[in-house]
Amino acid sequence: MSQVISICGVNINDIGIDELLHRLKTSLANSTGTEIVVTPNIDHLQRLTLADNGAFKRAYQRASFTLCDSRVFRIAARLKGKRIINVVPGSDLTERLLNEHWVKQCKVCFIGPSDRDCENIRARYTLSHLSHYSPPMGFIENFCETQKCLDFIEKSAPSILFLAVGSPRQEILASMIKDTSQHSMIVLCIGASLDFLSGKTSRAPKWIQILHLEWMHRMLSEPMRLAPRYFKNAKWLISFIVGTAN
């Protein structure tokens, strides 16, 4: 049984991955429109508390499912009296979906990865109908480039769409798709998940994930890019726990 837990102005759907997959499949079968799935981690949550992130916040408010991506945040939430049972990392959700027989027969679309990475994933998961598009850097600030991306998605008419262009770009793009698409589809904002599945990037071993140290593995893999971000996130997390974060 799922429940909704409100934290930092974000409504987290505390739902197990098996129930989630069932509900997504049912939604697709019933053609209920565009269903957006977001997987907030600590970085997302701290940015959602900033006053100048209006478009990002609105995109989150339009999501059908908002899943806790972070085991560390689950611990922090419990210290604040918010008991989240289920952690559903975007990478785990993506892999589970691509391993589902019904998904392998669907029209699937990837936005973000290179041609080579997409072909690696197609072969690994035996996807029958895969389309993909890689927009240029900064596309979301360029009307023409954003429209090209939206037009490609509309023409491809996927049943399941994976957006892997980074946050907040992928969430804002998902909101645009919900406004403009004439097709029913599941739209998943999944960050670097496809990099892991294609073999481009190595995910932390399972024992590191169990110890809640996957963030450290990622930071050590890309210290110049991720260390400043994680330092900022750590400061926000401490302020959240002691009660000074919004």
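Values in this text are rule-based calculations from the coordinates and carry no lab data. Since this is a predicted model, take the numbers as computed values, not measurements. Here Cβ is always computed from backbone atoms with ideal geometry, including for glycine, and neighbour counts include all displayed protein chains.
So here's what we get for this one:
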read-out	value
Selection from region 205-246 of residues that are part of a helix (DSSP H, G or I) and polar (S, T, N, Q)	Gln209, Ser221, Asn233, Ser239
Matching residues, region 33-67, being in contact with a helix residue (DSSP H, G or I) (Cβ under 6 Å, 6 or more places away or on another chain) and part of a loop (DSSP other than H, G, I, E, B)	Thr39, Asn53, Arg62
Only one of Ala123, Ala76 that is within 29 Å of Tyr230 (Cβ to Cβ) and of a type in the set (A, V, I, L, M)	Ala76
Number of the condition not met by Asn99 [criteria: (1) under 19 Å from Ile186 (Cβ atoms); (2) within 18 Å of the chain's Cα centre (by Cα); (3) surrounded by 15 or more Cβ atoms within 10 Å (Cβ to Cβ); (4) of a type outside the set (Phe, Trp, Tyr)]	(3)
Residue within region 124-132 that is surrounded by fewer than 15 Cβ atoms within 10 Å (Cβ to Cβ), farther than 23 Å from Cys106 by Cα and of a type outside the set (D, E, K, R) present	no
Single match in Val187, Val165 (criterion: crowded, with 18+ Cβ neighbours inside 10 Å, of a type in the set (A, V, I, L, M, F, W, C) and part of a loop (DSSP other than H, G, I, E, B))	Val165
All positions within region 56-81 that are under 21 Å from Thr32 (Cβ atoms) and charged (D, E, K, R)	Arg58, Arg62
Complete set of residues in region 152-175 that are more than 11 Å from Gly191 (Cβ to Cβ) and without any contact (Cβ under 8 Å) to a residue 60 or more places away in the chain	Phe152, Ile153, Glu154, Lys155, Ser156, Ala157, Pro158, Leu161
Where a residue in region 67-84 is surrounded by 16 or more Cβ atoms within 10 Å (Cβ to Cβ) and its partner, wherever it lies, is charged (D, E, K, R) and in a helix (DSSP H, G or I), with Cβ under 7 Å and at least six apart	Cys68/Arg74; Ile84/Arg74
Neighbours by Cβ (under 8 Å, 6+ apart or cross-chain): first from region 219-234, hydrophobic (A, V, I, L, M, F, W, C); second assigned to a helix (DSSP H, G or I) and surrounded by fewer than 11 Cβ atoms within 10 Å (Cβ to Cβ)	none
Residue satisfying all of: in region 130-151; free of Cβ contacts under 8 Å to residues at least 24 places away in the same chain and assigned to a helix (DSSP H, G or I); nearest to Ser181 (Cα to Cα) among these	Asp151
Region 101-129 residues that are free of Cβ contacts under 8 Å to residues at least 24 places away in the same chain, paired with ones that are aliphatic (A, V, I, L, M) (beta carbon under 6 Å, 6 or more apart)	Arg122/Leu130
